[in-house]
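Everything below concerns the one structure shown next.
The values are calculated or read from the model by the stated rules, or taken from the named source; none is laboratory data. Note that the structure is a prediction, hence the values are computed from the model and not measured. Cβ placement follows ideal geometry from the backbone for every residue including glycine, while neighbour counts extend to all protein chains displayed.
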Amino acid sequence: MPTGIIWKLFLVSTLLIAGSTLAQEPYEARAVRLQPQDIPALIEKGQTGDLPSQVLLWLAYSGGHGVPKNVQKGIPWLRKAAEQGSLESQFVLSTVYEFGSGGEPVNHKESFKWALQAAQRGHMVAQHNVGGAYFHGMGIPKDLEQARYWYTRAAEQGFAHSEWMLGRIYVEGIGVVPNREEGLKWLSKSLAQGHSPTMMTLAAMYSDPNGVPQDPQLVFDLHRAAAQQGNHFSEFELGRFYRAGYLGAPDYGQAMAWFQKSAAANYGPADHFLGAMYEAGQGVPPDGEQARMHYERAAGLGVSGAIQRLGEIYRDGTTVPGDPVNAGMWFAIGAKMGAAESESALETLNPKLTEPQRQMAAARASTWITEHPDAMEQKPGHFEYQGWTWVERGPQASRPPSTPEERAYALRLTHKLETDPLSLDGSAARAWLDQWWDEIPDITVRPCNLIDSPNHDPNPYGEELYKQITYSEGAFILQNSAKVTDWEAAFLAGMQGALRAYESMVRQTPSAKSLFLEDLLAQRESGQLPRTVRTLVRERCK
């Protein structure tokens, strides 16, 4: 099913650093200690042009520190600080106008003005936002060359969202001659940062226009990593994978679970597929009422296929009692959206209805359309979903213990990374494993850098090998579930896994050879590796 997700960068600034050349305490830390008696003095100083006082007043009002929270009262102080050249204040002010915060109307032109000032002074995220303004023509005439320029400046500072956009620009040929190699270069960079939209882009690149994966395992791993980050489109895609059996026999239980996760976030196509599974009895007993309920939820979100199916089941009396008026209503809604299939069905049905029935169906359709304006903005066969990328994430709710399926998947990814660490989906695998090991409450690993040479010689794959120690250590723990972990054996398993990955890396990139790691390989062959690992663990691991 063709679907689309709109990704927009949602930016929250939590730290404004003092502008003095001397080391100072961050403004945010100072602001949280403000008391009501501190505010009058700050106002007096701020009115005379004192920049730190202006910044602190913005933080006080926007965060409710020492005064009742009132973003609108804080904005004039933020503007004063921005006008004095406070880099972060210029950036934050641009986001105020971008999103219409504190009672300010959305003003893309004003947002662009302040973002550009911050971008010209090197603010990485402001550079990305300026690129986005030029790309979409928001507050400034659309200019794809300028968009690419600013995305490049932010990407060169390592901003994953800009790396992703550059990848898309080159792969899709947006304002440039298509260049798949250049696009993959930038997409690989953002993927290495665990960037969820990049995973979706790459998954689409390796699927055909109908959503059938051309490299099923690669596409599955990309969506699994994105879903781990809460990407609801990827949750839906995993449901499709399990239902269609792209990696083997269909698994309706897993399909149902992933569709339910996605549907809970109002991703409409997931409800559409749940309706189809209840109607067909896939993984559950056939249940017409559940099917109708999910179809109606999907219809309310604008999924044209669900609207069409509701018309069909009422027309044919399948799973629900036949009702030609309701059938006419749903076909009329689909036709109003521009769905050719609904238009055809309505033309066929109308001659079979009486005039009062046609009028009733039209009236019901009109009422539904009035009550569901957002749904009517969707296009037939293409579901647009508003996704958000957060620059910063707050504390996350604790999750339940790991599941057998997750543990088996972690083992598979770990062994794959040992044998093929430089594959395209290697970065997605690392993103999934990093988050999974960090979040699960029932199993503990101990990261420790055993592969850094005594002289700290640089290695192009040092970070990947360091992570591989943890993954392979974790795999040992998963496969040897004793109450008390044998850490000596676990660290040895981690080192051996990292050395296997290193051997694969060197086969593909001979220049990545390391004298230290070559010596460890020799010790592995001579049987001396366990003793060396014990020594390294004592020296380096807490």
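Within region 319-362, the set of residues being in contact (Cβ under 8 Å) with a residue 12 or more places away in the chain, in a loop (DSSP other than H, G, I, E, B) and either under 28 Å from Met277 (Cβ atoms) or touching a strand residue (DSSP E or B) at 6+ places or on another chain (Cβ under 8 Å) (or both) comprises Thr319, Val320, Gly338, Ala339. Just wondering, is there one or more residues in region 466-476 that are in contact with a His (Cβ under 8 Å, 6 or more places away or on another chain) and on the phi < 0 side of the Ramachandran plot? Taking every residue of region 466-476 in turn, at least one turns out to be in contact with a His (Cβ under 8 Å, 6 or more places away or on another chain) and on the phi < 0 side of the Ramachandran plot. Here Gly4 does not fit the description of being surrounded by 17 or more Cβ atoms within 10 Å (Cβ to Cβ), more than 20 Å from Pro68 (Cα to Cα), at pLDDT below 95 and small (Gly, Ala, Ser). Annotation: of all residues in region 327-342 being under 33 Å from the mean Cα position of the chain (by Cα) and surrounded by 24 or more Cβ atoms within 10 Å (Cβ to Cβ), the one that is farthest from Arg364 (Cα to Cα) is Gly334. Among the residues of region 34-50, those identified as outside any helix (DSSP H, G or I) and of a type outside the set (D, E, K, R) are Leu34, Gln35, Thr48, Gly49.
Put simply, of Ala255, Ala226 the only residue that is more than 24 Å from Leu417 (Cβ to Cβ) and either in the same structural domain as Ala428 (by TED's automatic domain parsing) or touching a helix residue (DSSP H, G or I) at 6+ places or on another chain (Cβ under 6 Å) (or both) is Ala255.
Flag: Pro285 does not match the condition of being more than 17 Å from Ser262 (Cα to Cα) and touching a residue at least 12 places away in the same chain (Cβ under 8 Å). Look at region 208-237: where a residue is over 17 Å from Ala270 (Cα atoms) and a partner is of a type in the set (Phe, Trp, Tyr) and outside any helix (DSSP H, G or I), sitting 6+ places away or on another chain with Cβ atoms under 6 Å, you get Pro213/Tyr246; Gln214/Tyr206; Asp215/Tyr206; Pro216/Tyr246; Leu218/Tyr206; Val219/Tyr206. Candidates Ala298, Ala375, Ala306: the one that is under 30 Å from Ser196 (Cα atoms) and either in a strand (DSSP E or B) or in contact (Cβ under 8 Å) with a residue 40 or more places away in the chain (or both) is Ala375. Answer with yes or no whether Glu145 is among the acidic types (Asp, Glu), in contact (Cβ under 8 Å) with a residue 12 or more places away in the chain and surrounded by fewer than 24 Cβ atoms within 10 Å (Cβ to Cβ). Yes; evaluated as a whole, the condition is true for this residue. With respect to the conditions (1) part of a strand (DSSP E or B); (2) at pLDDT 95 or above, Gly387 lacks only one, and its number is (2). Looking only at residues in region 523-542 that are part of a loop (DSSP other than H, G, I, E, B) and over 41 Å from the mean Cα position of the chain (by Cα), the one that is surrounded by the fewest Cβ atoms within 10 Å (Cβ to Cβ) is Gly527. For region 419-439: of the residues being in contact with an Asp or Glu (Cβ under 9 Å, 6 or more places away or on another chain) and charged (D, E, K, R), which is nearest to Leu218 (Cα to Cα)? Per the criteria, the residue is Asp425. Of the residues making up region 468-512, those that are in a helix (DSSP H, G or I) and of a type in the set (Val, Ile, Thr) are Ile469, Thr470, Ile477, Val506.
So that you can scan it fast, the table gives a plain yes or no per residue for (1) surrounded by 12 or more Cβ atoms within 10 Å (Cβ to Cβ); (2) closer than 20 Å to Val533 by Cα; (3) modelled with pLDDT of 90 or more:
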site	(1), (2), (3)
Lys416	yes, no, yes
Asp438	no, no, yes
Gly462	yes, yes, yes
Leu465	yes, yes, yes
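Residues in region 171-198 that are farther than 25 Å from Pro460 by Cα, among the small types (Gly, Ala, Ser) and touching a helix residue (DSSP H, G or I) at 6+ places or on another chain (Cβ under 6 Å): 1 in all.
Checking every residue in region 103-110 against the condition of being modelled with pLDDT under 95, assigned by TED's automatic domain parsing to the domain that holds Leu34 and surrounded by 15 or more Cβ atoms within 10 Å (Cβ to Cβ) gives at least one match.
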